[in-house]
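Q: Starting off with a structure, shown below.
Values quoted throughout were computed directly from the atomic coordinates according to the rules given, and no laboratory measurement underlies them. Bear in mind the structure is a predicted one, so any value in this text is a computation, not a measurement. A quick note on method: Cβ atoms are made from the backbone with ideal geometry, for glycine too, and the neighbour counts reach across all protein chains shown.
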Amino acid sequence: MNINYVTIRQGILEKSFTFSKGNNLIHSEKNSVGKTTLMRVILYSLGYTVPSTKMFPLEKCEIESEVVSDEGRIIKLVRSDASYIVCFEGDEVQTYFLPQQQAKLQLKFFKTDNIDIIDNLLGVFYLDQEKGWTLLNRGVVIGSIHFNVEDFIQGLSGRDCSELKKEKVKLETELEKYEQISNVTKYKESLQRIGGSILNENPDDELDSQIEMKQIELNLAQNELRRIDYSLKSNKQVKSFVDSMKLTVEMPDGKLLRVTSENIVGLNDSIDYLIAKRKIQALECNKLMNSILQLREQKKQNSGVLLSVDSIADAFDEMIQKFPYGYLKVESIKESLKRQLKEVKKQIASRTKDNNSVLNSLYINVIRYARELGVDEGVNTNYLFTSNLRVLSGALLHKTVFAFRLAYIIEVEKILGVKLPIMLDSPSGKEIDPTNVQKMIDILKKDFDEHQIIIASIFEYDLPSTYRIEMQRSLLE
Amino acid sequence: MFGFDFQSNAAIILMIENMEVLNSVRVEGDEDIQLELNDGTYVLAQAKAVVNASTDTSNVRAKAKKAMESLSEVARKYAVKELIYFTNSPDPLKEETSRFLFLGLPSRVPYDDLPEAAKKLIDEFLSQIDVPLNTNKLKFQVLPFETDDDEQRYKFVKQKISDFVGEMNIIYDGLRNKLHDVWLLMLDNNGTKTKRDITLKKKDIIWPIIVYVTGHGILDRNAKYCTDLDEGEFYEIERKYGKLIQDRSELFDIVTRIVTDYTEKHLAGRDAIERFVNEYWKDYIEVLGITTLEETIRDNLAKIILYTILRKRFEIDRIKKSVKL
């Protein structure tokens, strides 16, 4: 596929840049005139979310581009807002919302909707001036767009690891949580070493304790009240029985005396006694109930009070001390999660790497170009997945990155049948001497002459029939 | 709140001072404090308190004047024995010649005992009232009542209570505090009743004393001497069976049987109760409903209950008699 032109409209200003199907050089004598911006405009026009440069706000422009697929289909793209793009192909007009429908849009020219591939394609064909020349197999391409070699290979080789990846994310999240919990338990133990009177100093605990004590006292008092009521009822029953009996006794002098509750010795006393006792007991119960209410009110007020910084720290310490799990328990859970995560990663790696012709093919091409660039020492199949970038620096890394990218481009062409454009921003970089740069250019000339190549640089390169775009002082000048 | 507190405490003072002839007491009735006596006459009091009485005399005369008006008004409705202006101000008339009469301890000064200048002041207040009170019945009573420290504020009232129970030969640690608390609660509660005829009867005031003095852990402690238990064993039974002891000593059908039997034995002497218990406890095991208990516990419990019942009866009679209830 190749890009025919890009037109930039900003207010009343408009400028078009056309490109050849072959080699293109976006050139300027000086830096900071818009070369990188133009590269980013191209990507923006393809539906990517790229950051604007300082000088040029992309989202305030209308960008139109024309892309030709390898089969000759012409696709016009117009993006006047970051959130959508309009695609014209023949009589068909289609609007795609971005970034949600980016994959659907790019299916038109990349000929795949495999997410693992689509998400990683930019890291294959575009080398950004800043990050591009140090992105080997995992990292940031530009802005928030990443490249991951495992996902890329899984996509190209059609090996679906989505379930395992979900499991991996879940375990990683869980592990992160437990890292935090582990910090909490460590802090808890440090508090305990300092000396744990913090729990006792918590006013809420003190209040809860008092409320509980009062409640127990109240229960006992209420039980006593019930006992008194029972005795009082019994005595009153005697009284009403006596009154109802209407007994009469004969006195020694022969007089008759009616027996009533008033003249039975001790009966009224037994009742008055219990009435008084009951009153005292009821007052005691009321007193306790009021105490409990007051304590509850105090507790409520305490919880509503805005705490000072000191008391927030105390409250935090208090909470931490109450955390029921110890450091060792948490560490054992962490170890278990780590083991599970390792196992899942192993399964993903196994599914990615085992008997994978894509992997073998990539390796062969990486070796080939690394050898041509003189950086092939220590390269094996696992090297494709290396994380050890410290051993690579300066020119070594620069050239190795180039070798990897070329291998990726070849593989994409093999699997998808798409000749990706190769976009290189400042291939001379900071550390590369002209000899090495020439070696890179020679490889492009030799093996990638059917790809559209777009280079942005202040330098000249020995590429045949280079279409030159000379930048002036700014992008739209 | 301070005013109500003073009023209730003043009522306690007046209750105690008139206990022998008291019938009932009411606060916040037709007058701040109303005491009905046995002969149908009344002691009526106006209670006026100043928060910082010892230093603030700014309104004392106005208060005194108002009190005279109120007492004069109510005196028309009742058969009055005494009309009392009760205050905490040590200088209730802000009058030089009478000041010394009220300083220091609680004081009680009839109108007739006031110096002329003070009388003149009162007469002046009364001259502005249509139907003024009879100064023969007028008394000025001062109770020191100040500060937020309860011990200090209630010092004199509690001393009065102590003296009162002391006169009944009651020795009970903490009784004055308990009585003070319960009487204040009863008076406060009475003050909230809108029906003016709801009063506290004398028996309502006296029975709490009896309840405290004969309560669990008080009276029955002395029962130890009737038993053959050592101190530890005795307290263990008393604690464990406390509710049973109280229960049996409160149920009239059990109490009357034991008290009647005791009375009929006509035992004399200070140890009459102990002798009765030691001799006859076996007869009441079934009555007390403790036959199923283990023998040692059962036997000693019977003695403790018998003793408690008889001592209680004795104390009730004694206290009632001393206050003429």
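Q: If you stretched the chain out fully between A:Glu262 and A:Glu477, how much longer would it get, using 0.36 nm times the residue separation minus the C-alpha to C-alpha distance?
A: This chain segment gains 65.2 nm when fully extended.
Q: Highest first, please rank the peptides A:344-354, A:241-251, A:320-330 by the mean number of other Cβ atoms sitting within 10 Å of their residues.
A: With the highest mean Cβ count within 10 Å placed first, the list reads A:344-354, A:320-330, A:241-251.
Q: For segment B:78-122, just the Cα set please: Rg and Dmax, both in angstrom.
A: 11.0, 33
Q: Across peptide A:265-271, how many C-beta atoms of other chains are within 10 Å of each residue C-beta, on average?
A: Partner-chain Cβ atoms within 10 Å, mean over residues of A:265-271: 6.
Q: In the P(r) worked out for segment B:184-253, what percent of Cα pairs fall beyond 18 Å?
A: The calculated P(r) of segment B:184-253 puts 56 percent of pairs beyond 18 Å.
Q: Structure shown: which of A:Lys399/A:Lys419; A:Lys30/A:Lys76; A:Lys108/A:Lys131 lie over 26 Å apart, alpha-carbon to alpha-carbon?
A: A:Lys30/A:Lys76; A:Lys108/A:Lys131
Q: Pull up all non-local amide H partners of A:Ser474: gap of 5 or more, or a different chain, and H-to-H distance under 5 Å with H placed in the peptide plane.
A: For A:Ser474, whose amide H was placed from the backbone, there are no distant partners under 5 Å.
Q: Shielding of B:204-217 by partners, i.e. mean partner chain Cβ atoms within 10 Å per residue?
A: Taking all residues of B:204-217 together, the mean is 3.
Q: Separate question: Where does each of A:17-29, A:143-155, B:303-315 land if you order them by average Cβ count within 10 Å, highest first?
A: Result, highest mean first: B:303-315, A:143-155, A:17-29.
Q: Moving on. Multiply the residue separation of A:Val140 and A:Gln301 by 0.36 nm, subtract the distance between their alpha-carbon atoms, and state the gained length in nm to one decimal.
A: Residue separation times 0.36 nm, minus the Cα-Cα distance, leaves 52.7 nm.
Q: Continuing with the same structure: Which of A:Tyr44, A:Ser65, A:Leu77 sits closest to the plus end of the dipole of segment A:32-91, meaning its Cα is farthest towards the positive end, when Lys and Arg get +1 and Asp and Glu get -1 on the C-beta?
A: A:Tyr44
Q: If you bin every alpha carbon distance in segment B:214-317 into 10 Å steps from zero, what whole percent lands in each bin?
A: So the P(r) values, bin by bin, are 15, 55, 28, 2.
Q: Sticking with this structure for a sec: Taking segment B:61-105, which chymotrypsin sites (Phe, Trp or Tyr not before Pro) meet the DSSP loop condition and have no more than 15 other C-beta atoms within 10 Å?
A: Sites meeting the loop and neighbour criteria: none at all.
Q: Also, quick follow-up: Starting from the Cα gyration tensor of the protein assembly as shown, multiply each eigenvalue by 5, take the square root, and state the resulting semi-axes largest first in whole Å.
A: Largest first, the protein assembly as shown gives 108, 39, 23 Å.
Q: Can you give me the Cα centroid spacing of segment B:191-227 and segment B:253-316 in angstrom?
A: 22
Q: Computed FRET efficiency, Cβ-Cβ of B:Lys324 and B:Ile129, R0 45 Å: what is it to the nearest 0.05?
A: The calculated FRET efficiency here is 0.80.
Q: Which ³J(HN,Hα) values in Hz, rounded to whole numbers, follow from the phi angles of segment A:396-413 under the Karplus curve 6.51 cos²θ - 1.76 cosθ + 1.60, where θ = phi - 60° and Gly and Pro get x?
A: 3J(HN,Hα) across segment A:396-413, in whole Hz: 4, 5, 3, 6, 5, 4, 4, 4, 4, 5, 4, 4, 4, 4, 4, 5, 4, 4.
Q: Sticking with this one: For A:Tyr187 and A:Lys166 in the same chain, what is the full-extension length gain: residue separation times 0.36 nm, less their Cα-Cα distance, in nm?
A: Extending this stretch completely gives an extra 4.4 nm.
Q: Same structure again: For segment B:122-156 and segment A:409-477, what is the separation of their Cα centres, given in Å?
A: A separation of 112 Å, based on Cα centres.
Q: I would also like to ask the following. Which parts of segment A:398-428 would a label at A:Ser357 reach, counting a residue when its backbone N lies under 20 Å from a point 7 Å out along Cα-to-Cβ?
A: Counting backbone N atoms under 20 Å from the label point, the list is A:407-419.
Q: Show the residues, 5+ positions off or on another chain, whose built amide H is closer than 5 Å to the amide H of A:Thr7.
A: For A:Thr7, whose amide H was placed from the backbone, the distant partners under 5 Å are A:Phe17, A:Glu64, A:Ser65.
Q: At A:Phe241 and A:Glu377, where each label point lies 7 Å from the Cα along Cα→Cβ, what is the point-to-point distance in nanometres?
A: Result: 11.6 nm between the two label points.
Q: Name the long-range amide H neighbours of B:Asn23: under 5 Å, sequence gap of 5 or more, or other chain; modelled H, no Pro or chain starts.
A: B:Glu36, B:Leu37, B:Asn38
Q: Enter the per residue convex hull volume of segment A:76-183, computed from alpha-carbon coordinates, in Å³ rounded to the nearest integer.
A: 157
Q: Moving on. Could you work out the mean count of beta carbons from other protein chains within 10 Å of each residue's beta carbon in A:275-285?
A: Taking all residues of A:275-285 together, the mean is 5.
Q: In 10 Å bins starting at 0, how do the alpha-carbon pair distances of segment B:1-84 split up by percent?
A: Whole-percent P(r) values from 0 Å outward: 18, 48, 28, 6, 0.
Q: Moving on to the next point. Specify the angular offset, from 0 to 90 degrees and rounded to the nearest 10, of the alpha carbon long axis of helix B:175-191 from the longest principal axis of the alpha carbons in chain B.
A: The answer is roughly 60 degrees.
Q: Something else about it: Order these peptides, A:1-8, B:318-325, by their mean beta-carbon neighbour count within 10 angstrom, highest first.
A: A:1-8, B:318-325
Q: In whole Hz, with x marking every Gly and Pro, tabulate ³J(HN,Hα) for segment A:107-114 from phi via Karplus 6.51 cos²θ - 1.76 cosθ + 1.60, θ = phi - 60°.
A: 4, 4, 10, 8, 6, 8, 10, 5
Q: To the nearest Å, what is the center-to-center distance of segment A:47-64 and segment A:235-258, using C-alpha atoms only?
A: Each part's Cα centre sits 113 Å from the other's.
Q: How far apart, in nanometres, would the label points at B:Asp163 and A:Glu335 be if each is projected 7 angstrom from Cα along the Cα-to-Cβ direction?
A: If labels sit at B:Asp163 and A:Glu335, their model points lie 8.2 nm apart.
Q: Over segment A:360-477, what is the relative contact order in whole percent, taking alpha-carbon pairs under 8 Å and six or more residues apart?
A: 25
Q: Would you mind telling me the antiparallel percentage of the DSSP bridges in the protein assembly as shown, rounded to 5?
A: 65
Q: With a Förster radius of 30 Å, plug the Cβ-Cβ distance of A:Gln10 and A:Asp447 into 1/(1 + (r/R0)^6) and report the FRET value to the nearest 0.05.
A: 0.20
Q: Could you work out the percent of alpha carbon pairs in segment A:121-167 separated by over 12 Å, rounded to a whole number?
A: 62
Q: What ³J(HN,Hα) values, in whole Hz, does the Karplus curve 6.51 cos²θ - 1.76 cosθ + 1.60 give for segment A:119-132 when θ = phi - 60°, with x put for Gly and Pro?
A: Going residue by residue, I get 5, 10, 5, 4, x, 8, 9, 10, 10, 5, 4, 8, 9, x Hz, with x marking Gly and Pro.
Q: What's the angle, to the nearest 10 degrees (0 to 90), between helix A:357-373's Cα axis and the longest principal axis of chain A?
A: The answer is roughly 50 degrees.
Q: Could you give the dipole magnitude of the protein assembly as shown about its Cα centre, charging the beta-carbon of Lys and Arg +1 and that of Asp and Glu -1, in debye to the nearest 20?
A: Using Cβ point charges on Lys, Arg, Asp and Glu, the protein assembly as shown gives about 680 debye.
Q: Relative to the longest principal axis of chain B, what angle (0 to 90°, nearest 10) does the C-alpha long axis of helix B:2-17 take?
A: 60
Q: Report, as a whole number in µm² per second, the diffusion coefficient that Stokes-Einstein gives for segment B:65-161 at 25 °C and 0.890 mPa s using the Kirkwood radius over alpha carbon pairs.
A: 171
Q: Positive end of the charge dipole of chain B (Lys, Arg +1 and Asp, Glu -1 on Cβ, about the Cα centre): tell me which of B:Phe164, B:Ala10, B:Ile316 has its Cα farthest that way.
A: Positive-end residue among those listed: B:Ala10.
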